[in-house]
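Written below as structure tokens is the structure these notes are about.
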Amino acid sequence: MRDLHLIANWKMQLDPSESVILAKDIARLWSAESAVAPGIRMTVCASSVAVAEVAAALKGTGVAVGAQDCFWEDKGAYTGETSPLTLKTLGCEACIVGHSERRQFLGETDEMISRKTTALLRLGLMPIICVGETYEERQQGRRDAVVISQVRAALSGARPVGTQRIVIAYEPRWVIGTGQAVEPDDAAAMHRLIRETLRENYPSDVVERQFAVVYGGSADSRNLVSFLGHQEIDGLLVGGASLKADEFVRMARLAADLNNA
Ligand code: PGA
């Protein structure tokens with residue numbers, strides 16, 4: 001049996017009250033399944049303004065709460081930024097960093113992503129580090145080089161201690177939100193490449209125990225089995241399909257069935 005992550009990324013799609021309703025619906029549906037679904041790790045990443053209420057709504061349900069971004073300092077003169085320490089205090093256990101939408105629209109750099117990753121690890125929060133190539137980079141044959149360098153850069157200051165976990169999410173940028181995922185074989189090959197890159201910097205047992213590599217980009221209940229059927233793929237980062245409780249929990253159930261088979 002594997003640990004499989006199902007991570008919802010609600011982006012900026014919901015206000016706090018809509019987020020709480022969705023969180024409660026997911027927790028209610030999942031509570032009927034979770035007892036027979038060992039190894040399935042559910043996390044919902046809400047917008048920063050909804051994190052506190054979502055964390056309160058999900059307390060004790062077994063569904064973890066994450067944020068979608070944070071700053072790298074806990075406190076200070078950083079107008080508009082969100083403290084990772086505050087996120088932790090509010091009940092967050094994880095945080096996405098380096099999502100392609102932030103790289104694209106907010107100019108987030110590898111260096112910023114590295115600092116955020118280090119800050120999250122310092123606080124014992126699980127970083128969910130997004131990497132992935134653009135369509136042009138893929139067309140130019142630069143896919144592997146881009147992803148390898150993003151992984152190396154994000155982890156340049158990262159030393160996971162104890163049982164700390166880090167998730168790397170391989171998200172080819174050009175399929176996000178399109179309804180058209182990449183070929184699962186293609187994704188699995190990238191997952192192998194990411195693991196090889198991790199092994200350059202960490203002992204194999206640390207890579208096995210403490211890192212999970214998940215796929216993201218138009219994942220849903222129709223294509224889940226074809227992705228998670230690959231042993232290299234430790235879960236999914238889910239945008240659009242996580243906005244409906246029944247669809248997201250259906251995905252978790254299918255993952256559990258795969259695990260129990
Ligand atoms: P999508 O988004 O599932 O809607 O493609 C995934 C993501 O952006 O993390």
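The values are calculated or read from the model by the stated rules, or taken from the named source; none is laboratory data. Not measured: the values here are computed from a predicted model. Cβ placement follows ideal geometry from the backbone for every residue including glycine, while neighbour counts extend to all protein chains displayed.
Scanning region 84-107 for residues that are at negative phi, crowded, with 19+ Cβ neighbours inside 10 Å and part of a loop (DSSP other than H, G, I, E, B) yields 92, 99. Taking the condition touching a Pro at 6+ places or on another chain (Cβ under 8 Å), of a type outside the set (Phe, Trp, Tyr) and more than 14 Å from the ligand (Cβ to nearest atom), does residue 95 pass? Judged against the criteria, residue 95 is not a match. Tally time: how many residues in region 43-53 are in contact with a Phe, Trp or Tyr (Cβ under 9 Å, 6 or more places away or on another chain) and aliphatic (A, V, I, L, M)? Final tally of qualifying residues: 3. The test for being of a type outside the set (Lys, Arg), surrounded by fewer than 18 Cβ atoms within 10 Å (Cβ to Cβ) and in contact with a helix residue (DSSP H, G or I) (Cβ under 6 Å, 6 or more places away or on another chain) does not hold for residue 204. Scanning region 208-235 for residues that are within 16 Å of the ligand (Cβ to nearest atom), of a type outside the set (Ser, Thr, Tyr) and out of contact with any Asp or Glu (no Cβ under 9 Å at 6 or more places or on another chain) turns up 219, 222, 223, 224, 227, 233. When each of 162, 107 is tested for being more than 15 Å from the ligand (Cβ to nearest atom) and either at pLDDT below 95 or more than 20 Å from residue 73 (Cβ to Cβ) (or both), the lone residue that passes is 162. Considering only residues in region 139-163 that are of a type outside the set (A, V, I, L, M) and surrounded by 18 or more Cβ atoms within 10 Å (Cβ to Cβ), the one that is nearest to residue 100 (Cα to Cα) turns out to be 150. Failed condition for residue 259, given (1) within 24 Å of residue 31 (Cβ to Cβ); (2) crowded, with 21+ Cβ neighbours inside 10 Å, with all others met? Among (1) within 24 Å of residue 31 (Cβ to Cβ); (2) crowded, with 21+ Cβ neighbours inside 10 Å, residue 259 violates only (2).
Surrounded by fewer than 19 Cβ atoms within 10 Å (Cβ to Cβ) and either closer than 16 Å to residue 148 by Cβ or within 10 Å of the ligand (Cβ to nearest atom) (or both): is that true of residue 196 in this structure? Break it down stepwise before answering.
Details: surrounded by fewer than 19 Cβ atoms within 10 Å (Cβ to Cβ): yes; either closer than 16 Å to residue 148 by Cβ or within 10 Å of the ligand (Cβ to nearest atom) (or both): yes.
Here the answer is yes, as residue 196 does meet what is asked.
Only one residue in 205, 246 is of a type in the set (D, E, K, R), more than 15 Å from the ligand (Cβ to nearest atom) and within 23 Å of residue 126 (Cα to Cα), so which one is that? After ruling out the rest, the residue left standing is 205. Taken together, 119, 145, 56, 77 contain a single residue that is under 20 Å from residue 242 (Cα atoms) and of a type in the set (Gly, Ala, Ser), which is 56. Hey, can you tell me all the residues within region 119-137 that are away from the ligand (no atom under 16 Å from the Cβ) and not acidic (Asp, Glu)? Across region 119-137, the qualifying residues are 119, 120, 121, 122, 123, 124, 125. Annotation note: of 148, 166, the sole residue that is touching a residue at least 40 places away in the same chain (Cβ under 8 Å), farther than 30 Å from residue 59 by Cβ, in contact with a Ser or Thr (Cβ under 9 Å, 6 or more places away or on another chain) and of a type in the set (A, V, I, L, M, F, W, C) is 148.
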